[in-house]
Amino acid sequence: MVWEASYDELHAQFPSHKRQPVIGITGNFGEKGCELAEGYFRSILEAGGTPVIIPPYEDREALLTTLDHIDGLLLSGGGDLDPKYLGEEPSPNLHTINPKRDLPELLLIRLAYDRQIPMLGICRGIQMLAAALGGGVHQDLEEAMPDRKLLHHSQDLPREYPSHSVNIEKDTLLHRIMGVDGLEVNSFHHQAVSRAGERFRISATAPDGVIEAIESTEHKSILGVQWHPECFILRDDRTMMPLFEWFVGEARSYRNAVDIHNRILTLDSHCDTPMFFDQNIHFEQRDPKILVDLHKMTEGHLDATIMVAYLPQGERDEETLRQVTAHTEELLDGIDALAEKTPQYLGIARTPDELYKLKHEGKKAIMKGIENGYAIGRDLSLVEHFRQRGVVYMTLCHNGNNDICDSARGKGEHGGVSAFGRQVIREMNRVGMMVDLSHAAESSFWDALELSSVPIVCSHSNCRALCDHPRNLTDKQMKALAEKGGVMQVTLYEGFLRTDGKATIEDAVRHINHAVSIMGIEHVGIGTDFDGDGGVPGVANASELINLTRKLVEVGYSEAQLRLLWGENFLRVMRKCL
């Protein structure tokens, strides 16, 4: 029988079956309930994906579960968007709205955006992307553009045939995908995007100026088109298949990165979130004031972060030093309080083994650090005290000299590490606290490298060869650090990534690549400096760290190498220091 032959064929393939990317397609809602035009799922199948239909429902838990199981979100066409979601009153020319679809799709888009899930919006879908992410939508083109000679965008001809042309902007994602300056497309709409908003740029327009495509300005895998590319496959026209192949490819890349993160431990060696403790933040929520919180760590698949008690360099009289030490205690207390508030989701770790234990339990982890040895003033006993409080490393200085050493921003007060600083380094070695040389003057770096009996770290530093900043390490420093067994953690602060123009995720990858080429893969890691001015487009907060993994895989890093970059190198040094 035919069905038995099909069963036998599938069963034979089962042992070697490789999971295809799962693409969730939002279903329309008509007289018969949830429905979906054939072209959508045929195009996804043809591109190598597995299509599933997402019915319109508002159950929050179900929406979150759906997003956990898809690798890409395709927003299908359909009726008009209810203008109330844009804060507008309805136009007399508004057509049929579908109250069952709008809210679930707006929620899906925002949640998928936060999770870095690739999205493709088609017709109504491009309008929903704009509405959900800061843009605008014309309720009716004729009404919105009375002085413009418009094309006939709402056609009656069969949907699988083109009806007008669009012009594609050069140097856009869409241009790279399609490889042409213009396309013949089909058009069945009377609404369109009015404003792309800050998160998108316009990548294609019709000859009359109507927006026909938008794409992410934030290095995210998000693209919307006003026409119906899925219809072309119905007459075996493959003109639009590059669009679906790109989309399914992005979904495959996303799923691969998520799977890697599930198998390895990911550690960010430096964030400054405690700087916001006095601003009534809510770490257990998705708090817009901070770049690292439980939600963003979960969305970015980050297992652990080292939160530092940051002390800006100030006066060094006895009373001020006493106040600085007291403030350090308060910040460390605040870090402890985060875990005490949500012990079911979060734990404090003091060792690498405790990090892995928390990951196994499904919890996020925080380690404690101190940024600026100013915290101990001139009291050597505080080194052991803070180690007993769980501090795993101390950055010897910040932007200014202290009693320990000269800063990269200082004036050479000690000529490197001071006599007291030498005692501090020996004591840190004794009690098992890592020595961090980020922010230190080059003279301090060389002194500390020679003085320390165990490898040292630079928890958030970049390559001076790519960005000539005194805070960055020269190739000579990087080689010496590697020879001594230490690690340099590439950071995401724009001023340390490039001196000209706007830094992006691409610059972070360049610095990682350069560091690896100079030091070797065993001596490089990632320390974002989130909440301390770290973060660039593409990897702007903890929720976007999965994007960095995707980029690193794209340029050729293996899972074994990513395991090293994402924390194992840093933890190797930590184990040697314990």
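A few points about this structure:
- The set of residues in the range 204-215 that are part of a strand (DSSP E or B) and surrounded by fewer than 22 Cβ atoms within 10 Å (Cβ to Cβ) contains only Thr205.
- Filtered residue count, the range 234-251, keeping only those that are crowded, with 20+ Cβ neighbours inside 10 Å and not small (Gly, Ala, Ser): 7
- Scanning the range 60-88 for residues that are without any contact (Cβ under 8 Å) to a residue 24 or more places away in the chain and farther than 25 Å from His189 by Cα returns Glu61, Ala62, Thr65, Asp68.
- Leading residue by the ranking (surrounded by the fewest Cβ atoms within 10 Å (Cβ to Cβ)) among those in the range 310-334 that are of a type outside the set (D, E, K, R) and outside any helix (DSSP H, G or I): Pro312
- Selection status of Ile126, touching a Gly at 6+ places or on another chain (Cβ under 8 Å), under 27 Å from Pro21 (Cα atoms) and assigned to a helix (DSSP H, G or I): yes
- Residues of the range 520-538 that are in contact with a Leu (Cβ under 8 Å, 6 or more places away or on another chain), under 21 Å from Arg464 (Cβ atoms) and crowded, with 24+ Cβ neighbours inside 10 Å: His523, Val524, Gly525, Ile526, Thr528, Asp529, Gly534.
- Any hit, the range 512-520, residues being assigned to a loop (DSSP other than H, G, I, E, B), over 24 Å from Ser221 (Cα atoms) and more than 16 Å from the chain's Cα centre (by Cα): yes
- Selection count, the range 406-421, where residues are under 35 Å from the mean Cα position of the chain (by Cα) and surrounded by 19 or more Cβ atoms within 10 Å (Cβ to Cβ): 4
- The residue pairs whose first member lies in the range 44-59 and is more than 12 Å from Phe29 (Cα to Cα), whose second member is surrounded by 15 or more Cβ atoms within 10 Å (Cβ to Cβ) and among the charged types (D, E, K, R), and whose beta carbons are closer than 7 Å, counting only pairs six or more residues apart or on different chains, are Ala47/Glu245.
- Residues in the range 56-81 that are within 20 Å of Ala131 (Cβ to Cβ), out of contact with any Lys or Arg (no Cβ under 9 Å at 6 or more places or on another chain) and either small (Gly, Ala, Ser) or not in a helix (DSSP H, G or I) (or both): 2 in all.
- Only one of Ala375, Ala304, Ala337 that is at pLDDT 95 or above, assigned by TED's automatic domain parsing to the domain that holds Gly567, among the aliphatic types (A, V, I, L, M) and loosely packed, with under 14 Cβ neighbours inside 10 Å: Ala337
- Among the conditions (1) buried (at least 19 other Cβ atoms within 10 Å of the Cβ); (2) hydroxyl-bearing (Ser, Thr, Tyr); (3) in a loop (DSSP other than H, G, I, E, B), Thr499 misses just one, which is (1).
- Taken together, Asp379, Asp436 contain a single residue that is more than 26 Å from the chain's Cα centre (by Cα) and among the acidic types (Asp, Glu), which is Asp379.
- Of Arg471, Arg498, Arg409, all but one fail to be touching a helix residue (DSSP H, G or I) at 6+ places or on another chain (Cβ under 9 Å), in the same structural domain as Asn547 (by TED's automatic domain parsing) and closer than 25 Å to Tyr374 by Cα; the exception is Arg471.
- Ala349 within 31 Å of the chain's Cα centre (by Cα) and either buried (at least 24 other Cβ atoms within 10 Å of the Cβ) or over 17 Å from Val435 (Cβ atoms) (or both): yes
The values are calculated or read from the model by the stated rules, or taken from the named source; none is laboratory data. These figures come from a predicted structure and were not determined experimentally. When we count neighbours, we look across all protein chains shown, and the Cβ atoms used for this are built from the backbone with ideal geometry, even at glycine.
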